[in-house]
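Novice: Here it is, the structure in full.
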Amino acid sequence: MSLRLRLFLILALATGGIWFSAVLWIEHSTRAQVQQVLDARLAEAARMVSSLLSDRRIAMAGEGAPVAIPLDAHGDYAHQLSCQIWSLQGSLVGQSEGAPQAQLSAAHGTGYSESTVDGETWRVYTVENTTLGVRVMVGDSLAVRDKLVSGVIEGLLLPLAVILPLLAAAIWVSVGRGLAPMHRLAEALRLRSPGDLGPLPAGPVPAEMRPMRAALDGLFGRLAKAREAERDFTAFAAHELKTPLAGLRTQAQIARIAPDEATRARALQNIERSVDRTDRMVRQLLELSAVESAGEAPGHADLGCLSEEICADLAPLAEARGVLLRSDVPQGASAPLRASGFLLHAALRNLVENAVQASPEGATVRISLQGGVLRVEDAGPGIPPELRARVCERFVRGTAGGDGSGLGLAIAAAAMERLGGALELPQSTGQGQRAELHLPPA
């Protein structure tokens, strides 16, 4: 259902409901007022006839045919009134023209009553004149009163039949004009080129659309930054991959024309090192992509098993560099995670791998747990002060030289951000560097 049709139906139904409620309220109010006014007219007519009898302006009949009562009334309603005069002994003394033959009411005393005569319900006011020994009864049919109320309601409903289509058309047009700014915004978005990620054109905007416009501008800004970061990432990755590939080509040429076996062996060793470096970079690029797209999978991580697994995985690298890996994380230690456990694994593995790469031969890389913080300590040269502010950016190496690609700390920082934790690199006071993974609170 379109928004325009939805708003039209809401407004039309609301208007119809209000109108219908007004009709019910007017019907109830009109019926009460008609009841009050006509009851007063009944009492007035009955008292008038009783007064005329007392003043002997209407002759009292004896035994025999009752006299006719001239009922002077006000307006057409007088023709709907019926009057009867009954003696206190129960004989009919007089009646108005058109009055029923049966007694209008069997009530005694002065007051209002309702009765059914010949299948028709009557509202009757009785005046008991004890001086003359008669009861004066004036009544009207409730059907007449219902007809008066129905006339008022018809006077409301008949214009409704004419006005409602006009009102519906006015609502439809008004809703369309009210949604015109949204259609203009949609048209402006449709005409934008895919590469145009700038803010929407300035201009007057309805207050209700300002949050949506601001959200779109924010989205375009974030997309522009993401596209720029993607371009930079591609350029950096191409550059970083080009360097080892160029080295591979050079070393292969040296190995091909080497004059002796020692030169050839050294060239092949350099080729192997370049392949390892390229392999590590490709793996880290894939890992970075996986970290940025990891889904939500809350759970718990066994930190002891995780650190032991990483130590076992990196043992060949540590052995090749003459570095000892040591895990002091107690078995059974666990931590709640708000996202996939792969993120914590990627963060810790890259920190440990960086520590092994940075440590000199014979050094020890230690993994420990203190409170909710996983620590990785090495005996390397540490991070230079001038690089500390940028060391978690992609392709920024924390140490001079080496075989690193500058992605390890970027991966660890991105993974901890997705987990709701943080990566911190405290300033080292002596030899070595400590990296801390602050786990998210429970």
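Novice: Each label point is 7 Å from the Cα along the Cα-to-Cβ direction; what then is the distance between the points at Arg249 and Ser29, in nm?
Specialist: It works out to 9.4 nm between the two label points.
Novice: Separate question: Given R₀ = 45 Å, FRET efficiency for Phe20-Arg190 by Cβ-Cβ distance, to 0.05?
Specialist: After rounding to 0.05, the efficiency reads 0.60.
Novice: Using +1 at the Cβ of each Lys and Arg and -1 at the Cβ of each Asp and Glu in the chain, identify which of Leu185, Leu104, Gly198 lies farthest towards the dipole's positive end.
Specialist: Going by the Cα projections, it comes out as Gly198.
Novice: On C-alpha positions alone, give me the angle between the axis of helix 408-419 and the longest principal axis of the chain, in degrees, nearest 10.
Specialist: Tilt of helix 408-419: around 20 degrees.
Novice: Within the chain, what whole-number % of the accessible surface is contributed by carbon and sulfur, with the 1.4 Å probe and all protein chains included in the calculation?
Specialist: That fraction is 58 percent.
Novice: If you don't mind, another one. Given an 8 Å cut-off on Cα distances and at least 6 residues of separation, report the relative contact order of the range 153-282 as a percent.
Specialist: About 16 percent, as a whole number.
Novice: From largest to smallest, what semi-axes in whole angstrom does the range 112-186 give when each is the square root of 5 times an eigenvalue of its alpha carbon gyration tensor?
Specialist: Sorted largest first and rounded, they come to 59, 12, 9 Å.
Novice: Can you compute the helix-only [θ] at 222 nm over the chain? Use -39500 (n - 2.57) per DSSP H run of at least 4 residues, normalise by all residues, nearest 500 deg cm²/dmol.
Specialist: For the chain, the value works out to -18500 deg cm²/dmol.
Novice: So, one more: Tell me, what is the Rg over Rh of the chain, with Rh the Kirkwood radius over Cα pairs?
Specialist: Rg/Rh: 1.55.
Novice: Now for a separate question. Return the inverse of the average 1/r over all pairs of distinct C-alpha atoms in the range 73-210, which is the Kirkwood hydrodynamic radius, in Å to one decimal.
Specialist: Across the range 73-210, the inverse of the average 1/r is 21.4 Å.
Novice: With every protein chain present, what accessible area does Leu200 have (1.4 Å probe, heavy atoms only), rounded to the nearest 10 Å²?
Specialist: 10
Novice: Determine the per residue accessible area of the chain with all protein chains present and a 1.4 angstrom probe, expressed in square angstrom.
Specialist: 56
Novice: Nearest 20 debye, what's the magnitude of the dipole of the range 301-375 about its Cα centre given +1 on Lys and Arg Cβ and -1 on Asp and Glu Cβ?
Specialist: For the range 301-375, the charge dipole is close to 240 debye.
Novice: Ranked from the most accessible area to the least, with a 1.4 Å probe and all protein chains present, what is the order of Tyr125, Tyr112?
Specialist: I get Tyr112, Tyr125, largest accessible area first.
Novice: With the crude spin-label approximation of a point 7 Å out along Cα→Cβ, what separation in nm comes out for Leu5 versus His108?
Specialist: 7.2
Novice: For the range 141-287, what percent of Cα pairs sit more than 21 Å apart?
Specialist: Tail fraction, whole percent: 73.
Novice: Okay, moving on. Whenever you get a sec, line up Trp19, Trp86 from highest to lowest accessible area (probe 1.4 Å, protein heavy atoms).
Specialist: Trp19, Trp86
Novice: Oh, and also: For the chain, with only Lys/Arg (+1) and Asp/Glu (-1) charged at the beta-carbon, what is the dipole magnitude about the Cα centre, in debye rounded to 20?
Specialist: 1440
Novice: What distance in nm lies between label points placed 7 Å from Cα along the C-beta direction at Ala265 and Trp172?
Specialist: Here the answer is 9.3 nm between the modelled labels.
Novice: Under a 1.4 angstrom probe, counting protein chains only, how are His28, His438 ranked by accessible area, largest first?
Specialist: His28, His438
The values are calculated or read from the model by the stated rules, or taken from the named source; none is laboratory data. Source: prediction; values computed, not measured. Positions of Cβ are generated from backbone atoms using ideal geometry, with glycine treated the same way; all protein chains shown enter the neighbour counts. Note: areas computed on protein heavy atoms with side chains; ligands, DNA, RNA excluded. Shrake-Rupley method; radii C 1.70, N 1.55, O 1.52, S 1.80 Å.
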